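The structure appears below as structure tokens.
The values are calculated or read from the model by the stated rules, or taken from the named source; none is laboratory data. Owing to the predicted nature of the structure, the values given are computational and were not obtained by experimental measurement. Virtual Cβ from ideal backbone geometry, glycine too; neighbours counted across all protein chains shown. SASA here: full protein model, heavy atoms, side chains in, ligands and nucleic acids out. Shrake-Rupley method; radii C 1.70, N 1.55, O 1.52, S 1.80 Å.
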Amino acid sequence: MKILVTGANGQLGRELREVLEAKRPGITVYVDREDLDITDRAATEDFLRNGDFTHIINCAAYTAVDRAEEEKLECAAVNIDGVTNLARLADELGIKIVHISTDYVFDGHTFQPYTESDKVNPLSQYGTTKRKGETSLLGLAPESIIIRTGWLYSPHGKNFVKTILEKSASEPMLKVVTDQIGTPTYAADLAEAIATIVFARQWTPGIINYSNEGVASWYDFAVAIQRLAGIKNCPIRPILTVDYPTPAQRPLYSVLNKTRFRATYSTPIPHWEESLARCLARIKQ
């Protein structure tokens, strides 16, 4: 077994490095854009043909949701063309792909957890390109596994948890939307789930949902961050999405149904508050 992790310097890629090296040290190659630009078809083909890889975990993605509304071509290049470049050779070379997708492929107009087979209807350029990447991958490399997740955070990079901590230290009050509902997902837990999938005895292709357990609004999430971090001098005011306009439209409800993951794999799924506490402890250290 030889694994390639793309997007290795992102928050999920960095958590994956810790998990994979603890479980099976020395069998994984970690690359970021400086090492391999997956939007470059020729470079990607050369890298894969000479790499002797058995598995690819694709964490490379354009994830700046609002900026994507302006940088449409840049977003599509990574989320569609890059995925296509990986997929083109996967079937020929016998490489199994695990690809990370998003809850933003849904429009949020339902109010029960989304299953893998529910109808998609992305509202943003980011969500649209991620969905097209899914379609391209399954068309070219049908043995692939796509993991849909959402609200990802970690001690690394830019994310909601770190933003709330930083703004709570510098601003007298915060305003956070209370009518967008989903599930915060700790990247370390997702990395464990990915390792479980890759190292499982049976490979089960298709789409599978993974997030932490539980449900929250962004307001609930922010309040929990402050409470667990011991922040008491920066109140948070709940507001509605209409009071906080953004370039990209987001689903108002994007909770994921994880029945398929629970039935297929034995890895427990922690509640989001439990995982948030673990993340905050690492940030404090």
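Worth a mention:
- Scanning the stretch 1-57 for residues being under 18 Å from the mean Cα position of the chain (by Cα), in a helix (DSSP H, G or I) and among the polar types (S, T, N, Q) gives a total of 1.
- Residues that are surrounded by fewer than 17 Cβ atoms within 10 Å (Cβ to Cβ) and farther than 23 Å from Leu152 by Cβ within the stretch 25-50 comprise Pro25, Gly26, Ile27, Asp40, Arg41, Ala42, Ala43, Glu45, Asp46, Arg49, Asn50, listed in sequence order.
Condition check ((1) in contact with a helix residue (DSSP H, G or I) (Cβ under 8 Å, 6 or more places away or on another chain); (2) modelled with pLDDT under 95) across all residues:
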{"residue": "Glu15", "(1), (2)": "yes, no"}
{"residue": "Thr54", "(1), (2)": "no, no"}
{"residue": "Cys59", "(1), (2)": "yes, no"}
{"residue": "Leu89", "(1), (2)": "yes, yes"}
{"residue": "Gly94", "(1), (2)": "no, yes"}
{"residue": "His99", "(1), (2)": "yes, no"}
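- Residues in the stretch 221-266 that are free of Cβ contacts under 8 Å to residues at least 40 places away in the same chain and of a type in the set (D, E, K, R): Arg227, Lys232, Arg262.
- Residue ID - most open to solvent (accessible area, probe 1.4 Å), chosen from residues in the stretch 238-262 that are among the aliphatic types (A, V, I, L, M) and under 30 Å from Ile194 (Cα atoms): Leu252
- Test: residue in the stretch 149-164 that is outside any helix (DSSP H, G or I), free of Cβ contacts under 8 Å to residues at least 60 places away in the same chain and in contact with a helix residue (DSSP H, G or I) (Cβ under 8 Å, 6 or more places away or on another chain): no
- Evaluation of Leu280 against the conditions (1) touching a residue at least 40 places away in the same chain (Cβ under 8 Å); (2) among the hydrophobic types (A, V, I, L, M, F, W, C); (3) surrounded by fewer than 18 Cβ atoms within 10 Å (Cβ to Cβ) shows that the sole unmet condition is (3).
- Helices (runs of 4 or more DSSP H) contained entirely in the stretch 172-285, each with at least 2 residues that are under 16 Å from the mean Cα position of the chain (by Cα) and within 27 Å of Ile57 (Cβ to Cβ): 187-199, 272-284
- Candidate set: the stretch 9-26, residues that are touching a Ser or Thr at 6+ places or on another chain (Cβ under 9 Å) and either small (Gly, Ala, Ser) or free of Cβ contacts under 8 Å to residues at least 40 places away in the same chain (or both); chosen: the one nearest to Ala77 (Cα to Cα): Gly10
- Flag for Ala76 being over 16 Å from the mean Cα position of the chain (by Cα), open to solvent by less than 70 Å² (accessible area, probe 1.4 Å) and farther than 26 Å from Ser211 by Cα: no
- Selection count where residues are in contact (Cβ under 8 Å) with a residue 12 or more places away in the chain, open to solvent by 30 Å² or more (accessible area, probe 1.4 Å) and assigned to a helix (DSSP H, G or I), scope the stretch 85-137: 6
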